[in-house]
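The values are calculated or read from the model by the stated rules, or taken from the named source; none is laboratory data. This one's a predicted model, so the numbers in the text were calculated from it and none came from an experiment. Ideal geometry is used to build each Cβ from the backbone, glycine not excepted, and the neighbour counts take in all protein chains shown. Heads up: the accessible areas ignore ligands, DNA and RNA and are worked out on the full protein's heavy atoms, side chains in. Shrake-Rupley method; radii C 1.70, N 1.55, O 1.52, S 1.80 Å.
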Amino acid sequence: DVENMGTLSGHVRIKTKDPKEELSGDINLNVGSFDYQKTSASVSGGNEKFRLLVGASYENSEQYEDGSGQTMAEQLNSQASAAGPKYTNSTSTMDSFTKKTGNIKLFINPTDNSELRVSYTANRSDDILYPSSMMDAIYDDSDIYSFGATFKDIAKYSDAIKFETYRSKVKHLMSNRYRNSGAGAGGYMDAYVESTIQGAKLKNSFS
């Protein structure tokens, strides 16, 4: 698929909300098993030239439990042949994760046949437990930037020209500081990973 770089056989296209002219907003409250909670809100508005959307969410959950009511840490600690080291007494009751997200989108229409789009999304996840692994994630932070532009009917062989560019950056810290293996005299061990990807695409459509 030459239109989507890196795609060999298929791809998943995620469509997020676009800002609208009329002033609108929403607030969502979600609850679930294991004291799962998520709160999110967004507001959007503008006019023919400018449209803006701002959103944020907060998500948290206690540890999942099996059919007998054992938490993830209790399951790990009760298995003699567990793959990962056991949690310490002070960390065995930690929540399984906390996640905060914020996003902003700005659409500008300088003329009737042109549109500029700018967006930014920030994800901040903390204390993500991986009982089946040797370490847990102290944090997993990502920043996604994108810019797009569309120009319609600007030439004989161009019904629409679309330009898209993006940049994503992830910072990920794994550690055994919540485990018995990291609480000993030798101290804990951290593993830090940082990844960045960026790209651009120019597409012309005509009939």
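Per-structure values
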| read-out | value |
| --- | --- |
| FRET efficiency, 1/(1 + (r/R0)^6) with R0 22 Å, evaluated for Gln37 and Tyr145 via beta carbons | 0.15 |
| Cβ-based net charge around Asp153, under 14 Å, with every Lys or Arg adding one and every Asp or Glu removing one | 0 |
| Length released on extending from Leu116 to Lys162, taking residue separation times 0.36 nm less the Cα-Cα span | 15.6 nm |
| The stretch 82-207: relative contact order as a whole-number percent, Cα under 8 Å and 6+ apart | 23 |
| Cut-off 15 Å between beta-carbons: net charge of the residues surrounding Ala122, Lys and Arg +1, Asp and Glu -1 | +2 |
| With all protein chains modelled, accessible area of Asp153 [1.4 Å, Å²] | 110 |
| Convex hull of the chain built on C-alpha atoms - directionally averaged projected area, nm² | 16.0 |
| GNM flexibility winner over the chain from Lys152, Lys169, Lys99 (Cα, springs under 10 Å) | Lys152 |
